[in-house]
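Some notes on the structure that comes next.
Every number in this text was worked out from the coordinates using simple rules, so none of it is lab data. Just so we're clear, the structure is a prediction, and the values are computed from it rather than from any experiment. Glycine also receives a Cβ, built like all others from the backbone with ideal geometry; neighbour counts cover every protein chain displayed.
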Amino acid sequence: MTMLGRALTGIAAGALSASLAIAGELTIATVNNGHMIEMQKLTPDFEAANPGITLKWVVLEEGTLRSRVTTDIATKGGQFDVMTIGMYEAPIWGRLNWLVPLEFSAAYDVDDLLPAMRGGLSYDGQLYAAPFYGESSMIMYREDLVQAAGMTIEDNPTWSHVRDVAAKLHDPDNGVYGICLRGKPGWGDNMALITTMANSFGAQWFNMDWTPALDSPEWQAAVSLYVDLLTSYGPPGSEGNSFNEILALINEGKCGMWIDATIAASFVTDPGQSKVADKMAFAQAPVMATNKGANWLWAWALAIPAGTKQAEDAKTFIEWATSKSYIELVAGKNGWGNVPTGTRQSTYDNPEFQQAATFEEAELKAILSANPEDSTLNPSPYVGVQFAAIPEFQAIGIAVGQQMTAALAGDISVEQALANAQAAADREMRKAGYY
Amino acid sequence: MNATLIRLLQAPSILVLLLWMVVPLGMTIYFSTIRYNLLYPDRSGWNNWSNYEFFYTDPAFWPAIFNTLTLVGSVLAISVVLGLAIAVLIDRPFRGRGIVRVLIISPFFIMPTVNALLWKNMMMNPIYGLFAVAAQAVGAEPISWMSDLPLLSIIIIVSWQWTPFAVLIFMTSLMSMDREQKEAALLDGAGFWARFWNLTLPHLARPIAIVVMIQMIFHLSIFAEIYITTVGGPGTESTNLAFLIFAQAIQGSDIGVASAGGVIAIILANIVALFLVRMIGKSLTVS
């Protein structure tokens, strides 16, 4: 009853606010990340440059945002004029014609967008969402500890080498754990990391006939190493850790190594919040059988739902928020170290940015090396590095993620977890009528 | 006034209440029988009960039912027993009673998500949580609460939030207890337990029934605490029915399966309610 009640309240609220939309006022749904909050703060700049358009913000936590915008766009609620969506949604919704295709003026310089980002946000070569900021994944490690242990971490080390280093760094008596990785179940949490691991071992989510491929020996090897790494050299309670939890551990100097989103680099090198800001170094993500899909690719992007009556104004806003001049505007206010990155080549070419950001080279390299359209060793039918851009993936991802956490907690064996995961994925694909 | 007029005057409000109940219920039942996936707008129509079949054959279905009942039962037992004890304890006058009462009740006014985050990070974190620090201080191995005892962790978190609710109800109802009866019992030489069993408990029978009923309604659909802390895991160890509906259907935007799960949840809620009404319902009429 309560679930239904909530759903109905949502629908009712949607209908209400749709009827209250005011001409010239854009309603923008966005996620509560630092860069987005900054965008909201710059509202007066946009409104001054574009008289007649005012902005109304709906800022939500990632999961809430995703379910709100999905419900709104699927039921043609018309609640929002601009939506913040991820690289997962963009191609799916583009295919369903739920988004307005984006065509920009020459001044926008669409060719300046990083090709990986542009590709991931397009369907059939048509751009449906403009990247606001993007990220990949890489290794972040404590240079001081690694040196003291007599080890080195090069770009793209093998996972076996990562294991060796983790073993050397692991010193729980002094409050340092060898390696910290995501363990909290979720398709955007532990599965993002585990999928990149599996990719590098030569595994993939689906075979060419869309049957799940989770029972392969490659998955078995990747997940076994994942469980082994965290149980032998990880912090206790890894089952509940995701980005924010590990960030807190790193900033307290409790982790020797971390493989996660490149955006974390700007936090762990910020002396204001990190006790080890000057001791962090970066390297490209670990690999095993292949480099393909070893590091993920994600972007938060702005898109226009097809139902809006203010598509022109919405486009004006998106063009402003994802432009070169917006990045310069943020740089002018907060310095080049705090601009949204991962979207435009021109940002990385800027000497002032190169000076301000110690991680920019590693981040750009990681983003450029990810290719959502070719992320597995053997051919696969889906787009996406750390996810498969099909509607079923969210449900499959959470079910598989739970099994991985159970294996990590030692409740079931890795073999059993993957068998359960395969069965869950198979159920979902059958229901959706893939075969 | 004659009976017909009274009925006519009552009719509008009863009709609204009925619609308020019937329309959502009807929609849920209707959705549960059709193909309705938000991401496949082109698929629709009668579905041969396969939404129910899909939900029911999920390997996590029976564990989820079991977890739901365990959660409801444990939290009810803890909050009622603890609530009674605290309410009786702070019933007698002492210095600073007002402040103590406010402090005891305040957990109830914390949002469930905040409550869950607080427990997850500040209390139960195995590295820097309060429990871990306390365990290390006495040389014990810290417990990894969320991974080793996921369901118990959630029971503790929810109980912490809801015991104050029980205290609040019991406390106010103890205030209305007849002082003369208590004094008479004291004069007759009745001890604490004799007074508790024969005076306090019968007096509190009705509030207890209310607390149990209200809490049951809320605990059958616990979601925020699970979503924030264990995300239903490890495996499906802390997945309850509400979370299963979320994981299986809402995440996949499948309104059909979600509605089927909702109907199953309604049936379960009614069964539980039936038992509870049988068990404690008597106290609502007697007294």
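A few comments on the model shown:
- Take every pair of alpha-carbon atoms less than 8 Å apart whose residues are at least six positions apart; their mean separation over the length of chain B yields a relative contact order of 30 percent.
- Comparing B:L199, B:L118, B:L241 in a Gaussian network model of chain B where C-alpha atoms under 10 Å apart are linked, the largest mean-square fluctuation is found at B:L199.
- Label zone at B:W49, where the point sits 7 Å out along the Cα-to-Cβ direction: the stretch B:1-38 residues whose backbone N lies under 17 Å: B:29-35
- Relative to the longest principal axis of the Cα atoms of chain A, helix A:2-19 runs at roughly 40 degrees.
- When both the stretch A:153-186 and the stretch B:224-255 are represented by their alpha-carbon centers, they are found 30 Å apart.
- Once each of the GluC sites (Glu not before Pro) sitting in a DSSP loop with at most 10 other beta-carbon atoms within 10 Å is removed, chain A keeps A:155-435 as its longest stretch.
- With helices as the sole contributors, chain A gives -13500 deg cm²/dmol at 222 nm; each DSSP H run of n ≥ 4 counts as -39500 (n - 2.57), and the sum is divided by every residue.
- Split chain B at each of the chymotrypsin sites (Phe, Trp or Tyr not before Pro) in a DSSP loop with at most 13 other beta carbon atoms within 10 Å, and the longest piece is B:95-287.
- Rounded to the nearest 10 degrees, the inclination of helix A:414-431 to the longest alpha-carbon principal axis of chain A is 30 degrees.
- Cα gyration tensor category, rounded, prolate or oblate, for chain A with a/c compared to 1.5: oblate
- Scanning residues 5 or more positions from A:A285 or on other chains, those with amide H under 5 Å from its amide H are A:I139, A:N156, with H placed 1.01 Å from N in the peptide plane.
- Amide proton proximity set for A:V100, modelled H, under 5 Å, gap of 5+: A:I304, A:A306
- Chain B - mean residue ellipticity at 222 nm from DSSP helices (-39,500 (n - 2.57) per run, n ≥ 4, rounded to 500): -21000 deg cm²/dmol
- Mean separation of Cα contacts under 8 Å, 6 or more apart, over the residue count of the stretch A:282-435: relative contact order %: 23
- Shape category assigned to the stretch B:1-126 from the gyration tensor of Cα positions, a/c cut at 1.5: oblate
- With a threshold of 19 Å on the Cα-Cα distance, the over-threshold entries among A:K41/A:K333; A:K292/A:K431; A:K279/A:K365; A:K254/A:K279; A:K292/A:K365; A:K254/A:K365 are A:K292/A:K431; A:K279/A:K365; A:K254/A:K365.
- For chain A, the relative contact order comes to 24 percent (Cα pairs under 8 Å, sequence separation of at least 6).
- The phi-based Karplus calculation (6.51 cos²θ - 1.76 cosθ + 1.60; θ = phi - 60°) puts the 3J(HN,Hα) values of the stretch B:182-198 at 4, 5, 4, 4, 4, 5, 6, x, 6, x, 4, 5, 4, 5, 4, 5, 8 Hz, whole numbers, x for Gly and Pro.
- Using θ = phi - 60° and Karplus 6.51 cos²θ - 1.76 cosθ + 1.60, couplings along the stretch B:52-68 (whole Hz; Gly, Pro as x): 5, 4, 4, 5, 6, 7, 4, x, 8, 5, 5, x, 5, 4, 4, 4, 4
- Cross-link reach list, lysines versus A:K309, counting only Cα pairs under 23 Å and skipping chain neighbours closer than eight places: A:K56, A:K76
- Vicinal HN-Hα couplings computed from phi for the stretch A:400-410 (Karplus, 6.51 cos²θ - 1.76 cosθ + 1.60; Hz; Gly/Pro x): 5, x, 5, 5, 5, 5, 5, 5, 5, 6, x
- For the stretch B:24-140, a simple Cβ point-charge model (Lys and Arg +1, Asp and Glu -1, everything else neutral) yields a dipole of about 560 debye relative to the Cα centre.
- Residues of the stretch A:281-311 with amide N under 19 Å of a point placed 7 Å along Cα→Cβ from A:E62: A:285, A:294-303
- Most mobile listed residue (B:V212, B:V81, B:V167) in chain B, GNM with C-alpha springs under 10 Å: B:V81
- For A:L297, residues with placed amide H under 5 Å, excluding near neighbours: A:V385, A:Q386
- The spacing between the stretch A:39-67 and the stretch B:67-93, judged by their C-alpha centroids, is 46 Å.
- Local charge for B:V100 was computed over the other residues whose Cβ lies under 13 Å away, with Lys and Arg +1 and Asp and Glu -1, and equals +3.
- Helix axis angle, A:62-74 relative to chain A longest principal axis, alpha carbon, degrees: 50
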